[in-house]
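Throughout, read-outs are computed from the coordinates displayed, never taken from laboratory work. Just so you know, these numbers come straight off a predicted model, no measurement behind them. Quick reminder, even Gly has a Cβ in these numbers, built from the backbone with ideal geometry, and neighbours come from all protein chains shown.
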Amino acid sequence: MSFKDKLLSSYIALEDYLEFDSPLHDVRNTAIKIFEEKGFPTKKEEAWKYTSLNSLLKKEYSIFPKAENAIEFKTVKKYFLHDIDTYKVVFIDGVYSSFLSETTHDTLDVCLMSSALNKSKYKPVIEAYFNKVAKSDSLTALNTAFTKEGAYIHIPAHKEVEKPIEIINFSTGSEAAMFLQPRNLIVVGENAQVQIIERHQSLSSNEVFTNSVTEIFAEKRAYVDYYKIQNDAETASLIDNTYISQERDSICRVHTFAFGGNLVRNNLNFYQKGEHCDSTLKGITILEGKQHVDHNTLVHHIAPNCESHQDYKGLFAESSIGVFNGKIIVEKDAQKTDAFQQNNNILIDDKATINAKPQLEIFADDVKCSHGCTIGQFDEDALFYLRSRGIGLKEARALLMYAFANTVLESVKIPELKVRINKLIANKIGVSLGFQL
Amino acid sequence: MLKIKDLYAGLEGKDILQGINLEVKAGEVHAIMGPNGSGKSTLASVVAGKEEFDVTRGYITFENEDISELDPEERAHKGIFLSFQYPIEIPGVSVTNFIKTAINETRKAKGKEDMPASEMLKMIKEKADMLEIDRKFLSRSLNEGFSGGEKKRNEIFQMAMLEPKLAILDETDSGLDIDALKVVANGVNKLKSKDNAVLLITHYQRLLDYIVPDFVHVLMNGKIVKSGTKELAYELEEKGYDWIKEELV
């Protein structure tokens, strides 16, 4: 049985114990039909030209975790921002871990999708927002059909959340291969502010394939600062589908630190629905071995007078593969749009590959759009300059890598996170310099 | 200190340096002058170990050790410093972080511990003051958006921090106005001692009014064709290089 067929029959099993009378049931049914019709994307589709899921789909995944697996805090402490206080929504093999989590209902809701879906007091929010910005592509639809668990975050208007929220998905390797589909819903009210860190972490060398969907709604003047840390095991693959809907005067920033995993696909979509929105998409990708990371970004300028800033830096060693596919659409009404996209890549070894493709579709006539894409090697003159000052070749390369990544790192607003990412970079490039950027 | 013997070096099979012989002793200042394209900057780069150039004949010794095969960083660790004609811009790395890394990497190579932060700060302050460098300048990205003068002053600042035995100053005077030239020259003179040496590479005699050389060499077509004392520099300033060419014929 193909993985697709297995999923379709699992859906029938799932239906038996799901809410039948809720409007969500129709949403699920529609979604599974879309998935049934379209199936998994293939390289024939333009958006998937450089990334094949074939090798992942051949594995025998278990779709529903069999048991609740506990892990001790001390073994996973390093994956948390433990040096500062945070809210935490933690899942182990797709199941909520109350032991590792620190949720709240005090003025804001940081809790679980499963309870939001089942409790009547959340019904208005679910009805107003759930699956409202997510696209109906096959992978998102697959996640929608199986929606069961994830983080549910609702920040009421004017609330400034005083500490960051961490969403962490651990997998323990209790099954030989596991398929996970977390579903997060984040609603940030008018003039509210929040910082969120998301991480997927496999704790074993067993296969994990995650198809995650996150919907974020930023109401008027809301501020959302979102960080994705992708530094997973070599046997973990991730498809991250993130959809952000912005109302007027809102600011949304997403930083993606892609250092690890087997295959990672980031579908990051911004929709600017009101005037004067500001969107920032930044990323640092550092790969080695046979790692494959595909950044597929979309900024859809629908309303006038908005800005978007994209800055993706990539360093590719050994036979790693990077993809950057950045699309900017400026609608006819989106006059005075200021859209900027930059993608710079360094190929460290001859066998490394980067496929970069900026796409601009502009239907308005009074806009400022620019994009720049570079692919290069280390600057030999710069290396000689550093070496002539006594800095060894390895350290000189590291220094240039740090410098290269710095424009992305300097805009990280949580100091503890910045320190952590600095360490991850040092670890990734194998050299620790005596300073932090 | 530095001995260059019958050195041939070049790019892609073509020798730019064609039999250089030069000896620089501790405590001496040598100036190398010559017209454009004579090989002055190539000589500087080859001594500092730029890998792009192939040494096809001859050798270079530093303190009686053959350094021809050493990496640039190994030569730096032995005390060779090159002030670049065109310093490279490195956005994202501050002058301070750069110099800290350079000093500690050099110490590491010599089996020493990192320089304590307080000592480093004190030294940075001292050397920056000597070269009249504004403290704000030190937190800027290395050479990024620096004026020509700032870049050269920054080179000499690095030299002051690294305290080399042999400093090769490649066209350090170019791009400097007279005031900046005086500050830079003054800095070099203060760093000068009987134990170190300076090799000045320059186009013009102007710099030599401020850093007075013990010897002046004329480089033409990859060879040292004439050597003398500082008076030779004045003669070159007055008469140009053509008379030497004629003399050679």
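Could you order peptides B:56-64, B:97-105, A:201-209 by the average number of other Cβ atoms within 10 Å of their residues, highest first? All intermediate terms of the calculation are to be shown ahead of the outcome.
Working: B:56-64: 15.2, B:97-105: 22.9, A:201-209: 20.3.
Ranked from most to least packed, the peptides come out as B:97-105, A:201-209, B:56-64.
Counting only DSSP beta bridges whose two residues both lie in region B:129-248, roughly 50 percent are antiparallel.
Would you mind giving the mean number of other chain beta-carbons within 10 Å of the Cβ of each residue in B:105-115, as a whole number? Could the numbers behind the result be given before it?
Working: counts 11, 4, 1, 4, 3, 1, 0, 0, 0, 1, 1.
Mean inter-chain Cβ contacts per residue within 10 Å come to 2.
Quick one: Debye curve from the alpha-carbon atoms of region B:37-92 only, equal weights, vacuum; give me log10 I(q)/I(0) at q = 0.17, 0.29 Å⁻¹ to two decimals. One equal scatterer on each Cα of region B:37-92 leads to -0.59, -1.35. Roughly what % of Cα-Cα distances in region A:125-255 sit above 17 Å, to the whole percent? The answer is 58 percent, as a whole percent.
Counting residues in region B:151-200 as N, plug N into 2.2 N^0.38 Å and put the Cα Rg over that result.
Working: Rg = 10.3 Å, N = 50, 2.2 N^0.38 = 9.7 Å.
Dividing the Cα Rg of region B:151-200 by 2.2 N^0.38 Å gives 1.05.
What is the percent of Cα-Cα separations in region B:1-46 that go past 18 Å? Everything past 18 Å amounts to 30 percent. Among the residues of B:92-103, the average count of other protein chain beta-carbon atoms within 10 Å of the residue beta-carbon is 6.
With a ≥ b ≥ c the root eigenvalues of the C-alpha gyration tensor of region A:225-354, is it rounded (a/c under 1.5), prolate (a/b larger than b/c) or oblate? Could you put the intermediate results ahead of the total?
On the way: a/c = 2.90, a/b = 2.10, b/c = 1.38.
Prolate, because a/c is 1.5 or more and a/b exceeds b/c.
Mind pulling the per residue volume of the convex hull built on the Cα atoms of region B:30-171? Å³ is fine.
Numbers: hull volume 19.0 nm³, N = 142.
For region B:30-171, the hull spanned by Cα atoms encloses 134 Å³ per residue.
Under the rule a/c < 1.5 gives rounded, and otherwise a/b versus b/c splits prolate from oblate, where does region B:90-166 land using the Cα gyration tensor?
Working: a/c = 1.68, a/b = 1.57, b/c = 1.07.
Prolate, since a/c reaches 1.5 and a/b exceeds b/c.
A simple charge model with +1 on the Cβ of Lys and Arg, -1 on the Cβ of Asp and Glu and nothing else charged puts the dipole of chain A at about 680 debye relative to its Cα centre.
If you take every DSSP beta bridge whose two residues both sit in region A:171-317, what share of them, in percent to the nearest 5, is antiparallel?
Details: 0 of 74 bridges.
Antiparallel: roughly 0 percent of the beta bridges in region A:171-317.
The Cα center of region A:1-69 and the Cα center of region A:352-380 differ in position by 34 Å.
Give me the compactness ratio for region A:178-242, meaning the Cα radius of gyration over 2.2 N^0.38 Å. Walk me through the numbers before you get to the answer.
Details: Rg = 14.1 Å, N = 65, 2.2 N^0.38 = 10.7 Å.
This ratio for region A:178-242 stands at 1.32.
Starting from region A:1-69, pick out the chymotrypsin sites (Phe, Trp or Tyr not before Pro) whose DSSP state is loop and whose Cβ has at most 12 other Cβ atoms within 10 Å. Taking region A:1-69 and a limit of 12 other Cβ atoms within 10 Å, the loop chymotrypsin sites (Phe, Trp or Tyr not before Pro) found are A:Tyr17, A:Phe20.
With one equal scatterer per alpha carbon and no solvent term, the Debye-computed log10 I(q)/I(0) for region A:305-375 at 0.24 1/Å reads -0.95.
State log₁₀ I(q)/I(0) for region B:91-237 at q = 0.14, 0.15 Å⁻¹ as given by the Debye formula over alpha-carbon point scatterers of equal weight, solvent excluded. Values, matching the q order: -0.74, -0.83.
Electrostatic tally near A:Arg199: other residues with Cβ closer than 12 Å to its Cβ, Lys and Arg +1, Asp and Glu -1, net 0.
Shape of region B:1-78 from the C-alpha gyration tensor: oblate (a/c of 1.5 or more and a/b not above b/c, with a ≥ b ≥ c the square roots of its eigenvalues).
The alpha carbon convex hull volume per residue for region B:159-249 rounds to 108 Å³. Build a GNM of chain A with springs between Cα atoms under 10 Å: which of A:Thr210, A:Thr374, A:Thr407 gets the top mean-square fluctuation? Fluctuation is largest for A:Thr374. The mean sequence separation of alpha-carbon pairs under 8 Å and at least six residues apart, normalised by the residue count of chain B, gives a relative contact order of 28 percent.
Only beta bridges with both residues in the protein assembly as shown are counted; by DSSP, about 20 percent of them are antiparallel.
Highest mean first, the peptides B:201-212, A:307-318 sorted by other C-beta atoms within 10 Å per residue fall in the order A:307-318, B:201-212. Taking label positions 7 Å along the Cα-Cβ direction at both B:Asn21 and A:Thr42, the computed distance is 7.7 nm, reported to one decimal.
With a simple spin-label model that places each label point 7 Å from the Cα along the Cα-to-Cβ direction, the separation between B:Asp177 and A:Asn191 comes to 5.2 nm.
The ellipsoid that matches the Cα gyration tensor of region A:79-188 has semi-axes, each √(5λ) in whole angstrom, of 22, 21, 12, with the longest given first. Size of the protein assembly as shown: Rg and Dmax of its alpha carbons, in Å, are 31.1, 105.
How big is D, in µm² s⁻¹, for region B:201-249 by Stokes-Einstein at 20 °C and 1.002 mPa s if Rh is the Kirkwood radius over C-alpha pairs? Could you put the intermediate results ahead of the total?
On the way: Rh = 11.1 Å.
It diffuses with D of about 192 µm²/s by this estimate.
Region A:195-287: Rg/Rh from Cα coordinates, Kirkwood Rh?
Working: Rg = 14.4 Å, Rh = 13.8 Å.
Result: Rg/Rh = 1.04.
The angle between the Cα long axis of helix B:117-130 and the main principal axis of chain B comes to about 50°, on a 0 to 90 degree scale. Relative to the longest principal axis of the Cα atoms of chain A, helix A:393-409 runs at roughly 50 degrees.
Put the Cα centre of region A:160-195 next to the Cα centre of region B:74-124 and the gap is 43 Å. Between 0 and 90 degrees, the angle of helix A:415-429 with respect to the longest Cα principal axis of chain A falls at about 60 degrees. For chain B, a Kirkwood radius taken over Cα pairs fed into Stokes-Einstein (20 °C, viscosity 1.002 mPa s) yields D = 115 µm²/s. If you look at the Cα atoms of region B:76-132, you get an Rg and a Dmax of 12.6, 33 Å.
Other protein chain C-beta atoms within 10 Å of residue C-beta, averaged over B:50-59: 1. Note on chain A: with a GNM built from Cα contacts shorter than 10 Å, the maximum mean-square fluctuation among A:Ala382, A:Ala222, A:Ala233 falls on A:Ala382. For chain A, averaging the sequence separation of C-alpha pairs within contact (under 8 Å, six or more residues apart) and dividing by the residue count gives a relative contact order of 9 percent. Let's test the formula: R0 of 22 Å, r as the Cβ-Cβ distance of B:Tyr204 and B:Ser147. What FRET efficiency results, to the nearest 0.05? According to the calculation, E is roughly 0.65.
Based on alpha carbons, the Rg and Dmax found for region A:1-103 are 18.4, 47 Å.
If the chain linking A:Asn54 and A:Lys33 were pulled fully straight, counting 0.36 nm for each residue of separation and taking away their Cα-Cα distance, it would gain 5.4 nm.
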